[in-house]
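No value in this document is a laboratory result; all are computed from the given coordinates. Treat the numbers as computed from the prediction; the structure is a model and nothing was measured. A quick note on method: Cβ atoms are made from the backbone with ideal geometry, for glycine too, and the neighbour counts reach across all protein chains shown.
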Amino acid sequence: MSWLRFSLLSIGSSYNSKFSDTVKSNFDTVNDTVFSLIEKNKQITTKEISEKLSVSLSTVKRKLNVLKQNSNLERIGSDKTGYWRIKIK
């Protein structure tokens, strides 16, 4: 009985660490990619970012909100004709 419990706990622990690493890595990669696209083209729209990264528009908006909340990014003007300003700390 204790051997079975130990085996299940080991498998669960191994699975959780692999799963967490994968999710964190993907999250950081998308944020970095969104930021680099904005660095290259300050007038890029959320729709263009979505198309270039092959992710949904809502995913791009979530990533942009994170960058805005971290005070790294600001949108100047309208969504259609505005541009992104990168804030350097």
Counting only residues in the stretch 55-89 that are of a type in the set (K, R) and under 18 Å from N31 (Cα atoms), the one surrounded by the most Cβ atoms within 10 Å (Cβ to Cβ) is identified as K63
So, first residue in contact (Cβ under 8 Å) with a residue 24 or more places away in the chain in the stretch 53-72, second residue exposed (fewer than 11 other Cβ atoms within 10 Å of the Cβ) and in a loop (DSSP other than H, G, I, E, B), Cβ within less than 9 Å, six or more apart or across chains; the pairs are N72/I88; N72/K89
